[in-house]
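What follows is a short report on a single structure.
The values are calculated or read from the model by the stated rules, or taken from the named source; none is laboratory data. All figures in this text were calculated on a predicted structure; none of them were measured in a lab. When we count neighbours, we look across all protein chains shown, and the Cβ atoms used for this are built from the backbone with ideal geometry, even at glycine. Each accessible area value is taken on the protein alone, full model and side chains, heavy atoms only, with ligands, DNA and RNA left out. Shrake-Rupley method; radii C 1.70, N 1.55, O 1.52, S 1.80 Å.
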Amino acid sequence: MRRVYLDHAATTPVHPQVLEKMLPFFKELYGNPSSIHQFGREVAIEIDKAREKVAKGINAQFPEEIFFTSGGTEADNLAIFGVAKALKDKGKHIITSVIEHHAVLDACESLEKEGFELTKVPVDSDGLIDLEFLKSAVRDDTILITIMHANNEVGTIQPIKEVVKIAKEKGIYVHTDAVQTFGNIPVDVQELGVDLLTISAHKIYGPKGVGALYVRKGTKIKGISYGGGQERKIRPGTENVPGIIGFGEAAKICIETFEKNKEIARLRDKLIDGLLKIEDVKLNGHRTNRLPGNVNVSIEYIEGEALLLSLDMEGIAASSGSACTSGSLDPSHVLLAMGLSHQTAHGSLRLTLGKDTTEEDIDYCLKVIPEVVERLRKMSPLSRNDSQREIERSECSCTLKK
Ligand code: PLP
């Protein structure tokens, strides 16, 4: 059976060149980079090289602006709690959006419980944040605005430059979670103008369990864990050396192979157009202002979970929301915030393409998915048959006449 992996937003396979680069750091290059002997020093030099590569990947001015963490989740937490800790005497108001990843949303809500005030910016039906709302939400005691660069579920890209414009007038820090954008669309901290930015290695064909927080020089932030002096005390703990080395290499390859995203976007559009031909299927997220690899559709009258299992049996790996929240049967907070009903949100399907996705993969999906949808709709209690549709139509016209 053909196997088609369309869950690149959840994670990506490690690039062979990345793995090769990492392997010596499990074997001969095993020194602790904090040690002053040669074993340690040679590893410390390689970590600095990886830091330079990651810095270059996001156009950071100084490699020291990169703080390695255990992933995107920790980097988001460090940005939010670290700035809150450093600026709590200046103000206690934080602004975020309703569609953030839980690493941001839950961190902000935790601060709220500790006495901070939180404002969540709503989004429109395409998943774009309301800039006017944001403008009016800014207060004299606002210390941080944290809005994601692009959403992990629906792929909508946010106007971060506009957010920065609003924030800078008042001297407010801006953090953006760029976990889903780095490697897929240009992520340039100078161009965006943000103060803090989160990235993660396993979304860019690097290893799992390593990420980074970019902190613009001069930004006030405090560490939120305690230990040694690693990462200039902002993130203490012996470094995940092979992970960091792999992250550096993955960041380098990302820039070198950036052009591939055009082809990914072409395949994405082919998949979207094909899926929209199925009756009662709607695209979630912005039609054009979206990540090159993201397809998210709502398929009425079927359960997302049943669809995922059926597709899995056909060899297609997809997702019904964010991988981090699957396992919970709650409908996606992102789709609900965009105005979808619980039932429609439950019938959502996310397919995320990557650098290894082929035309044949997309053709296979466009053959299999309509068949599976038809089969499930026939069995589903949610499904409407033609006579039900007729009844609904006449009821609808009666209501309109009234
Ligand atoms: N932020 C976003 C937007 C994500 O999509 C994810 C993971 O899916 C994370 C943060 C968490 O990153 P990590 O898995 O590296 O902890």
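In the set (1) part of a helix (DSSP H, G or I); (2) within 11 Å of the ligand (Cβ to nearest atom); (3) open to solvent by 10 Å² or more (accessible area, probe 1.4 Å), the condition left unmet by residue 152 is number (1).
For the stretch 129-149, enumerate the residues that are touching a His at 6+ places or on another chain (Cβ under 7 Å) and more than 16 Å from the ligand (Cβ to nearest atom). Quick ask: steps written out before the conclusion?
Going through the stretch 129-149, the residues touching a His at 6+ places or on another chain (Cβ under 7 Å) turn out to be 139, 141-144, 146, 148.
Hits for the stretch 129-149 are 139, 141, 142, 143, 144.
Would it be correct to say that residue 56 is of a type in the set (D, E, K, R), more than 27 Å from residue 133 (Cα to Cα) and surrounded by fewer than 19 Cβ atoms within 10 Å (Cβ to Cβ)? Give the steps one after another, and end with the answer.
Details: of a type in the set (D, E, K, R): yes; more than 27 Å from residue 133 (Cα to Cα): yes; surrounded by fewer than 19 Cβ atoms within 10 Å (Cβ to Cβ): yes.
Judged against the criteria, residue 56 is a match.
Considered as a group, the residues in the stretch 93-145 that are of a type in the set (Ser, Thr, Tyr) and touching a strand residue (DSSP E or B) at 6+ places or on another chain (Cβ under 8 Å) include one that is most open to solvent (accessible area, probe 1.4 Å), and that residue is 119. The set of residues from the stretch 60-92 being closer than 16 Å to residue 214 by Cβ, away from the ligand (no atom under 12 Å from the Cβ) and open to solvent by 40 Å² or more (accessible area, probe 1.4 Å) comprises 61, 62, 64. Just one of the listed residues (175, 149) is touching a residue at least 24 places away in the same chain (Cβ under 8 Å) and in contact with a Leu (Cβ under 7 Å, 6 or more places away or on another chain), namely 175. Looking only at residues in the stretch 107-128 that are charged (D, E, K, R), under 22 Å from the mean Cα position of the chain (by Cα) and outside any helix (DSSP H, G or I), which one is farthest from the ligand (Cβ to nearest atom)? Only one residue fits best here, namely 124. Beta carbons closer than 8 Å, at least 6 apart along the sequence or on distinct chains, pair a first residue in the stretch 62-73 that is more than 16 Å from residue 104 (Cβ to Cβ) and of a type in the set (Val, Ile, Thr) with a second that is assigned to a helix (DSSP H, G or I) and more than 7 Å from the ligand (Cβ to nearest atom) for 66/51; 66/54; 66/55. Collect the residues in the stretch 251-279 that are open to solvent by 40 Å² or more (accessible area, probe 1.4 Å) and among the charged types (D, E, K, R), keeping them in residue-number order. The answer is 252, 256, 259, 260, 262, 263, 266, 269, 270, 273, 277, 279.
Residues checked against (1) under 27 Å from residue 133 (Cβ atoms); (2) among the charged types (D, E, K, R):
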| position | (1), (2) |
| --- | --- |
| 71 | no, no |
| 84 | yes, no |
| 87 | yes, no |
| 92 | yes, yes |
| 96 | yes, no |
| 119 | yes, no |
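Of the residues contained in the stretch 321-334, none is found to be more than 16 Å from the ligand (Cβ to nearest atom), under 24 Å from residue 187 (Cβ atoms) and not in a helix (DSSP H, G or I).
Considering only strands (runs of 3 or more DSSP E) fully contained in the stretch 207-312, which possess at least 3 residues that are more than 23 Å from residue 127 (Cβ to Cβ)? Walk me through it before giving the result.
Numbers: elements: 211-215, 281-283, 294-299.
In the stretch 207-312, the matching strands (runs of 3 or more DSSP E) lie at 211-215.
Scanning the stretch 165-185 for residues that are of a type in the set (Val, Ile, Thr) and within 22 Å of residue 14 (Cβ to Cβ) returns 179, 181, 185. Of the residues making up the stretch 207-233, just one is aliphatic (A, V, I, L, M) and surrounded by fewer than 19 Cβ atoms within 10 Å (Cβ to Cβ), namely 224.
Within the stretch 188-206, being within 16 Å of the ligand (Cβ to nearest atom) and either open to solvent by 10 Å² or more (accessible area, probe 1.4 Å) or among the basic types (Lys, Arg) (or both) holds for 192, 202, 203, 205. Kindly check whether there is at least one residue in the stretch 169-187 that is under 29 Å from residue 340 (Cβ atoms) and in a helix (DSSP H, G or I). The answer is no, given that none of the residues of the stretch 169-187 is under 29 Å from residue 340 (Cβ atoms) and in a helix (DSSP H, G or I). When you check residue 224 against the structure, is it of a type in the set (A, V, I, L, M, F, W, C), closer than 22 Å to residue 291 by Cα and touching a residue at least 12 places away in the same chain (Cβ under 8 Å), yes or no? So residue 224 does not fit the description; no.
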